[in-house]
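To keep things clear, I will list the structure first and then write my remarks on it.
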Amino acid sequence: MRGLRGRVASSWRKMETGVDDAVSKSIVGKYFKFEERKTCFTTELRAGTATFITMAYIIAVNATILTDSGGTCTVADCSIPANQTAASPDCMFKPNAGYENCLSKTKSDLVVATVLSAMIGSFAMGVLANLPLGLAPAMGPNAYLAYDLIGFHGSGSMSYQTALTVVLVEACAFLVISGVGLRSKLARFIPDSVRLACAAGIGLFIAFVGLQIHQGVGLIGPDPSTLVTITACATTDPATGACLGGKMRSPTFWLSMVGFLITCYGLMKEIKGSMIYGILFITLISWIRGTAVTYFPATPLGDSNYNYFKKVVDFHKIESTAGAISFSHFNSKPVWVALGTLLYVDLLATTGTLYTMAEIGGFVDDNGGFEGEYLAYMVDSSVTIVGSALGVSPIATYIESSAGIKEGGRTGLTAVIIASYFFLSLFFTPLLTSIPPWAIGPSLVMVGVMMMKVVRDIKWENMKEAVPAFVTMVLMPLTYSISNGIIGGVAFHIALSLYDSGLRLVRWSNQMTKRVGKGQQNKLPPGAESMVEII
């Protein structure tokens with residue numbers, strides 16, 4: 001038996017070596033510089049697989065978050081009650097078959113849009129910049145778009161169409177900044193404390209979303225006295241999410257907690273794809289009909305979703321989100337604030353992540369640059385234009401790319417393999433759109449956990465650094481606004497900096513006064529100085 005295993009292993013190694021040698025000597029190997037970067041095809045394949053597994057959660061997570069905005073769905077999509085001539089505006093916030101059906105189609109559109117944008121971005125990064133980095137819609141900006149700008153089911157300050165226009169204009173400005181080489185220079189103007197706190201604040205915001213009743217596990221719900229409270233109730237108001245009875249008795253919540261623990265255990269053991277395993281566990285159980293946790297209840301909508309789910313393999317054509325761009329309400333204060341916020345986040349987060357991944361891969365040279373740097377900056381800024389045209393939030397380099405780099409990924413072929421996996425995902429839309437929110441919630445909380453690690457770099461002993469950082473972090477989840485956190489943090493940094501500026505002004509005034517006094521003494525006539533001393 002051992003001899004057979006040895007022969008099989010030996011044959012496999014020979015085949016692997018043969019494939020590696022053939023690809024290294026081919027046009028593909030020469031284009032991606034296999035020999036120069038000391039890598040091979042099978043290593044790049046493993047690296048691409050590892051990165052895709054760790055970042056594939058974004059397909060369902062991003063679509064779920066953006067669907068919460070309502071997308072292009074309006075009151076016109078609501079079913080009209082039998083005793084009325086038209087649907088009331090609150091139909092978007094109450095159970096309504098017509099509106100929910102529109103949301104279901106929108107989610108399918110956004111799944112495809114997410115996959116396409118990730119596929120195009122990763123492929124472009126691999127072919128043009130020759131770097132092993134995966135790209136996809138960024139966590140943080142998607143929540144900002146859905147819950148801050150558009151609002152839950154369109155209750156925010158602008159429409160879905162206007163928000164996509166903001167993303168498009170911001171992407172064009174970002175592309176110009178990248179093209180002229182100002183990207184890293186502009187990022188240095190932002191205070192370090194606020195920059196670091198932004199990542200942590202966005203993490204708290206995303207985790208807060210993942211804990212809520214409509215978007216996540218359902219642990220947190222509304223309360224008339226304290227605004228929010230623990231719920232996870234057996235029964236809730238379908239419109240408001242308020243608890244109607246049985247706190248901490250929600251079966252979907254406890255299922256989410258088991259999935260969350262699976263993810264935690266996997267990450268503790270550094271198992272690749274741990275977030276995917278947690279999502280899969282919850283989802284597979286939720287797909288069983290006739291249970292308390294089923295995603296397909298015995299309702300008209302549940303039956304419709306189940307019939308689509310049974311197709312398993314299906315190519316969905318984007319119907320509503322692609323090209324949903326409108327400049328009709330562009331010139332307004334919320335739009336300009338959003339434009340500045342997204343540009344700021346892209347300058348800091350996207351640039352920082354991309355550079356960090358280059359450092360982890362060992363591509364950065366002694367001068368602080370790396371091969372393909374300019375093209376990498378151009379790719380990750382231009383792909384956001386494609387994303388806005390498809391209907392999704394800004395695209396960014398993913399920190400999960402480090403999984404592939406640790407597996408030995410050193411060339412753009414890793415990114416091309418990531419893109420290939422995303423392409424295959426296009427044909428499994430029925431499965432991807434049937435992932436329940438209570439399966440997504442734990443992953444959002446875990447993303448928040450991972451984003452909190454930057455707080456260790458904040459100088460908490462220095463109040464000038466600590467206060468703006470704290471204000472930035474706390475305002476984001478508590479005001480349900482990422483922009484409020486950024487504005488508050490920068491404002492406090494400026495206010496506290498005025499003290500130092502005032503001291504410098506006083507010192508300068510004192511120095512000038514002394515110099516003027518000495519100058520006047522030097523101009524006194526002979527003998528006057530002794531008279532001054534006598535007086």
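If you scan the range 401-412, which residues turn out to be open to solvent by less than 30 Å² (accessible area, probe 1.4 Å) and either touching a Pro at 6+ places or on another chain (Cβ under 8 Å) or closer than 18 Å to ASP380 by Cβ (or both)? Walk me through it before giving the result.
First pass over the range 401-412, keeping only residues open to solvent by less than 30 Å² (accessible area, probe 1.4 Å): 401-405, 408-409, 411-412.
Hits for the range 401-412 are SER401, SER402, GLY404, ILE405, GLY409, THR411, GLY412.
The set of residues in the range 451-483 being open to solvent by 20 Å² or more (accessible area, probe 1.4 Å), among the polar types (S, T, N, Q) and under 12 Å from PHE205 (Cβ atoms) consists of THR479 alone.
Looking only at residues of the range 517-528 that are open to solvent by 80 Å² or more (accessible area, probe 1.4 Å) and part of a helix (DSSP H, G or I), we find that the one that is modelled with the highest pLDDT is LYS518.
For ILE288, state whether it is assigned to a loop (DSSP other than H, G, I, E, B), exposed (fewer than 12 other Cβ atoms within 10 Å of the Cβ) and of a type outside the set (Gly, Ala, Ser). Outline the logic, then answer.
Details: assigned to a loop (DSSP other than H, G, I, E, B): yes; exposed (fewer than 12 other Cβ atoms within 10 Å of the Cβ): yes; of a type outside the set (Gly, Ala, Ser): yes.
When the stated conditions are applied, ILE288 passes them.
The residue that is farthest from VAL61 (Cα to Cα), counting only those in the range 202-221 that are assigned to a strand (DSSP E or B) and out of contact with any Gly (no Cβ under 6 Å at 6 or more places or on another chain), is ILE220. Counting only residues that are of a type in the set (Gly, Ala, Ser) and closer than 29 Å to PRO430 by Cβ, which one in the range 26-59 is nearest to the chain's Cα centre (by Cα)? Among those residues, the one meeting the criterion is ALA56. What about SER328, is it surrounded by fewer than 17 Cβ atoms within 10 Å (Cβ to Cβ) and either outside any helix (DSSP H, G or I) or touching a strand residue (DSSP E or B) at 6+ places or on another chain (Cβ under 7 Å) (or both)? When the stated conditions are applied, SER328 passes them. Taking (1) modelled with pLDDT under 80; (2) assigned to a helix (DSSP H, G or I); (3) more than 20 Å from the chain's Cα centre (by Cα); (4) of a type in the set (A, V, I, L, M) in turn, ALA239 satisfies each apart from (2).
Say we look at the range 175-204 and pick out the residues that are closer than 26 Å to GLY70 by Cβ and open to solvent by less than 50 Å² (accessible area, probe 1.4 Å); which of these is modelled with the highest pLDDT? Talk me through it step by step, then tell me what you get.
First pass over the range 175-204, keeping only residues closer than 26 Å to GLY70 by Cβ: 201-204.
Of the ones still in play, those that are also open to solvent by less than 50 Å² (accessible area, probe 1.4 Å) are 201-203.
Values: GLY201: 85, ILE202: 77, GLY203: 81.
Among residues in the range 175-204 that are closer than 26 Å to GLY70 by Cβ and open to solvent by less than 50 Å² (accessible area, probe 1.4 Å), the one modelled with the highest pLDDT is GLY201.
Which residue is surrounded by the most Cβ atoms within 10 Å (Cβ to Cβ), if the candidates are limited to the range 382-400 and must be assigned to a helix (DSSP H, G or I) and of a type in the set (A, V, I, L, M)? Among those that are assigned to a helix (DSSP H, G or I) and of a type in the set (A, V, I, L, M), it is VAL383.
Yes/no per residue for (1) in a helix (DSSP H, G or I); (2) at pLDDT below 80:
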residue: VAL345; (1), (2): yes, yes
residue: ASP366; (1), (2): no, yes
residue: TYR374; (1), (2): yes, no
residue: GLY404; (1), (2): yes, no
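Scoring PHE253 on the criteria (1) aromatic (Phe, Trp, Tyr); (2) modelled with pLDDT of 90 or more; (3) open to solvent by 30 Å² or more (accessible area, probe 1.4 Å) leaves a single failure, condition (3).
Those residues that are farther than 18 Å from PRO297 by Cβ, open to solvent by 60 Å² or more (accessible area, probe 1.4 Å) and assigned to a loop (DSSP other than H, G, I, E, B), I need them from the range 80-100; list them, please. The answer is ILE80, ALA82, ASN83, GLN84, THR85, PHE93.
From the residues in the range 297-314 that are more than 31 Å from the chain's Cα centre (by Cα) and polar (S, T, N, Q), which one is nearest to GLU100 (Cα to Cα)? Once the filter is applied, the top-ranked residue is THR299.
Of all the helices (runs of 4 or more DSSP H) wholly in the range 6-76, which have at least 2 residues that are under 19 Å from ASP109 (Cα atoms) and either open to solvent by less than 60 Å² (accessible area, probe 1.4 Å) or aliphatic (A, V, I, L, M) (or both)?
57-67
The values are calculated or read from the model by the stated rules, or taken from the named source; none is laboratory data. Computed from a predicted model, the values in this text were never measured in an experiment. Backbone-built Cβ (ideal geometry, glycine too); neighbour counts: all protein chains shown. Heavy atoms of the whole protein, side chains included, go into the accessibility calculation; ligands, DNA and RNA do not. Shrake-Rupley method; radii C 1.70, N 1.55, O 1.52, S 1.80 Å.
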